[in-house]
Amino acid sequence: MSAFPGAAFPGARPRRLRRTPALRRLVADVRVRPADLVLPVFVKEGIAEPHPIGSMPGVVQHTRDSLKKAAHEAAQAGVGGLILFGVPEVKDARGSGADDPAGIVQLALADVTAEVGDDLVVMTDLCLDEYTDHGHCGLLTDAGEVDNDATLERYAAAAVAQAQAGTQVVAPSGMMDGQVAAIRAALDGAGFAQLPVLAYSAKYASAFYGPFREAAECAPQFGDRSAYQQDAGRGADEGVREALLDVAEGADAVMVKPAGPYLDVLRAVAEAVDVPVAAYQVSGEYAMVEAAAAQGWVDRRRIILEQLTGIRRAGAGMVLTYWATEAAGWLDEQ
Ligand code: PBG
């Protein structure tokens, strides 16, 4: 009868190792551990209750109090870190809240590091867009362009302010050229030579950030970020170049963002650098799954775990994900 064509290759039956759950578990070599996950959190100044984010069901803008509770829950679940975003009440052209010692992010940082700083790594996003009234990631020239070099001074000041408030990792996300070197020099000069920099190195101008801009109230008031964030149409080599430059400037770890649509970049960066690599599963990746799951169109838990596994398989050590605490609970059960 019809012979199995593979019989010509006697050893080749890849299905053997898939037969039972125990076999699959034994041979799996891509794992996601709670400690690999980093939870992004938003804290808003001047609100009395946590404020739900419409486009990110399950995610809120925290009060200082509710943030502490969320940080505790993450630590309890074994999550490896959290990354804090501040949303100030008042914004201005230079993003003063970014380096104001009494600014919301600095105050919340001190709270959170005091509470959970020994149990997980408390990181801060370092950018100006949450603090500027125009919503861009840097200072503007009179012509309305983002002024790279003038912005570096603002990032340096924000890095020192975050360091003084107790951050354990600064994560610059503004995509200015030379930002890692400027921040490293400022931190060293202020006595923070031991504070690591996790650079958002390969960060693309992406529609997947849409829901985040509601969460952080930072949509650009004119134009977009295409003149400083990377273009999706360029090959992975550009992401590698950005990552190598950041490492040369002193980055201790690098990030690729978004994750899912840029897994090729993630793989290429992971192969090119010898520092830890993070990937950020961003707000739009979260929102799409939540929307489809709410309709009953996908198996929410399986699809989340499959995505996290895919991101790890592509080369990420750490994964920033809004599902960090919940997913950590599932992973414990595995
Ligand atoms: C910039 C920053 C952004 C995100 C993280 N840091 C927004 C942007 O670049 O427009 C997006 C994260 C997400 O979409 O989940 N401070």
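The set of residues in region 105-120 being free of Cβ contacts under 8 Å to residues at least 60 places away in the same chain and among the hydrophobic types (A, V, I, L, M, F, W, C) consists of Leu107, Leu109, Ala110, Val112, Ala114, Val116, Leu120. Taking the listed residues Phe192, Phe222, the one that is out of contact with any strand residue (DSSP E or B) (no Cβ under 7 Å at 6 or more places or on another chain), within 16 Å of the ligand (Cβ to nearest atom) and of a type in the set (Phe, Trp, Tyr) is Phe222, with no other qualifying.
Just to be sure I understand, how many residues within region 174-189 are among the aliphatic types (A, V, I, L, M) and within 10 Å of the ligand (Cβ to nearest atom)? Break it down into steps so the answer makes sense when it comes.
Initially, region 174-189 is screened for residues among the aliphatic types (A, V, I, L, M), giving 175-176, 180-183, 185-187.
The next check asks that each one be within 10 Å of the ligand (Cβ to nearest atom); those that pass are 175.
Counting residues in region 174-189 that are among the aliphatic types (A, V, I, L, M) and within 10 Å of the ligand (Cβ to nearest atom) gives 1.
Suppose we filter region 82-121 for residues that are in a strand (DSSP E or B) and either within 14 Å of the ligand (Cβ to nearest atom) or crowded, with 24+ Cβ neighbours inside 10 Å (or both); how many remain? Quick ask: steps written out before the conclusion?
Initial filter on region 82-121 (in a strand (DSSP E or B)): 82-87, 92, 121.
Pick out the ones that are also either within 14 Å of the ligand (Cβ to nearest atom) or crowded, with 24+ Cβ neighbours inside 10 Å (or both) and you get 82-87.
So the count comes out to 6.
Checking each residue in region 130-159 for being touching a helix residue (DSSP H, G or I) at 6+ places or on another chain (Cβ under 6 Å), under 23 Å from Leu195 (Cβ atoms) and not in a helix (DSSP H, G or I) picks out Tyr131, Gly138.
Within region 165-183, the residues that satisfy the criterion of being farther than 21 Å from Asp92 by Cβ and part of a loop (DSSP other than H, G, I, E, B) are Gly166, Thr167, Gln168, Met175, Asp177, Gly178.
Taking region 184-292 as the region of interest, the helices (runs of 4 or more DSSP H) fully inside it that hold 1 or more residues being under 14 Å from the mean Cα position of the chain (by Cα) and either small (Gly, Ala, Ser) or closer than 22 Å to Leu139 by Cα (or both) are 210-215.
Please specify each residue of region 275-284 satisfying the condition of being surrounded by fewer than 22 Cβ atoms within 10 Å (Cβ to Cβ) and within 13 Å of the ligand (Cβ to nearest atom).
Hit for region 275-284 is Gly284, nothing else.
Of the residues Val160, Val79, the single one that is buried (at least 19 other Cβ atoms within 10 Å of the Cβ) and either within 19 Å of the chain's Cα centre (by Cα) or of a type in the set (Phe, Trp, Tyr) (or both) is Val79. Checking each residue in region 202-229 for being closer than 18 Å to Leu128 by Cβ and among the small types (Gly, Ala, Ser) picks out Ala205, Ala215, Ala216, Ala219, Gly223, Ser226, Ala227. Number of residues in region 130-150 that are over 15 Å from Asp92 (Cα atoms) and polar (S, T, N, Q): the value is 1.
Only one of the numbered conditions (1) under 17 Å from Leu84 (Cβ atoms); (2) within 12 Å of the ligand (Cβ to nearest atom); (3) in a helix (DSSP H, G or I) is not met by Gln162, and that is (2). Just one of the listed residues (Thr132, Thr167, Thr151, Thr141) is surrounded by fewer than 18 Cβ atoms within 10 Å (Cβ to Cβ) and either at pLDDT below 95 or not charged (D, E, K, R) (or both), and it is Thr141. Of the numbered criteria (1) within 15 Å of the ligand (Cβ to nearest atom); (2) surrounded by fewer than 23 Cβ atoms within 10 Å (Cβ to Cβ), the one Thr124 fails is (2). Answer yes or no: is there a residue in region 41-64 that is among the polar types (S, T, N, Q), under 30 Å from Ala291 (Cα atoms) and assigned to a strand (DSSP E or B). Yes, region 41-64 contains a residue that is among the polar types (S, T, N, Q), under 30 Å from Ala291 (Cα atoms) and assigned to a strand (DSSP E or B).
Every residue in region 140-159 that is aliphatic (A, V, I, L, M) and either farther than 18 Å from Gln229 by Cα or more than 15 Å from the ligand (Cβ to nearest atom) (or both), please. Scanning region 140-159 gives Leu140, Ala143, Ala150, Leu152, Ala156, Ala157, Ala158, Ala159.
The values are calculated or read from the model by the stated rules, or taken from the named source; none is laboratory data. Computed from a prediction, not measured in an experiment: that's the story for all the values here. All Cβ positions, even for glycine, are placed from backbone atoms using ideal geometry, and neighbour counts span all protein chains on display.
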